[in-house]
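Here's the structure, in structure tokens; my notes come after.
The values are calculated or read from the model by the stated rules, or taken from the named source; none is laboratory data. A quick note: this is a predicted structure, and the numbers were derived from the prediction, not measured. Cβ placement follows ideal geometry from the backbone for every residue including glycine, while neighbour counts extend to all protein chains displayed. Just the protein is used for accessible areas: all its heavy atoms, side chains included, with ligands, DNA and RNA removed. Shrake-Rupley method; radii C 1.70, N 1.55, O 1.52, S 1.80 Å.
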Amino acid sequence: HPGMAHVQSSTSPMMTPPLSYEEMAARGIAGISISQKPAVNAYGTSSSATISPSPASPAPGSHQYGSLNGAVAGGLRRAPTKKDSMKVKVHYNEAIINLMVPKMASYETLRAKISAKLASAMDEEQPSRSALRIQYLDEDGEAVLMTDEDDFELAKAYAGGDMSTPETNVVERLELWCST
């Protein structure tokens with residue numbers, strides 16, 4: 001049936017009734033796309049629907065990073081941040097790491113904290129200053145290379161900060177993409 005997915009248990013030959021979009025949303029799986037074109041699985045048989053996650057946010061470069069669409073509706077909530085800290089979500093290769101930096105941190109402090117966290121999380125040597133590339137998304141959704149304090153201020157502004165003064169250009173959360 002169009003707009004419905006069939007779910008089959010591998011332990012029982014019985015088919016469960018198809019789930020409507022509303023039922024899928026209630027179960028927290030509404031952030032998926034279902035295509036009706038035939039797909040061949042590893043066993044060489046065809047299935048009538050292919051289910052794939054839909055990306056939540058665009059990502060710079062060749063990688064697409066998705067997250068759980070509808071996660072807030074599914075029971076997950078945003079973790080509160082410390083009073084004078086900013087949560088920075090960093091996409092690196094296929095990993096996502098989080099770190100906390102002071103809201104009034106400089107670009108150099110941000111860069112040093114990202115570098116140290118990547119080294120710790122990936123069990124690698126700390127990337128050199130010239131090797132670490134940090135990017136943010138601008139108002140057009142395009143990846144912009146962050147190279148100095150001005151770029152850092154713009155990234156915070158695109159994340160909801162107020163560029164009137166450095167004191168007002170603070171945000172609770174910032175999302176960045178890094179590579180070496």
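Were the residues from residue 139 through residue 89 laid out at 0.36 nm apart, the gain over their Cα-Cα distance would be 16.2 nm.
Checking every one of the trypsin sites (Lys or Arg not before Pro) in the stretch 79-108 against DSSP loop status and a limit of 10 other Cβ atoms within 10 Å picks out 83. Straight-line cross-link reach from residue 103 at under 16 Å between alpha-carbon atoms covers these aspartates and glutamates, not counting any fewer than eight positions away in the same chain: 84, 149, 150, 151, 153, 162, 167, 172, 175. For residue 117, the lysines whose Cα falls under 17 Å of its own Cα, not counting residues fewer than eight places away in the same chain, are 87, 89.
Charge dipole of the stretch 85-180 (Cα centre as origin; +1 on each Lys and Arg Cβ, -1 on each Asp and Glu Cβ, all else neutral): 440 debye, rounded to the nearest 20.
Within the stretch 116-174, what whole-number % of the accessible surface is contributed by carbon and sulfur, with the 1.4 Å probe and all protein chains included in the calculation? Solvent-exposed carbon and sulfur of the stretch 116-174 make up 45 percent of the total. Taking amide H as placed 1.01 Å from N in the peptide plane, residue 103 has its amide H under 5 Å from the amide H of 85, 86, each at least 5 places away in sequence or on another chain. Residue separation of residue 82 and residue 116 scaled by 0.36 nm, minus their Cα-Cα distance, works out to 10.2 nm of gained length. Extension gain, residue 130-residue 153: 0.36 nm per intervening residue step, less the Cα-Cα distance, totals 6.3 nm.
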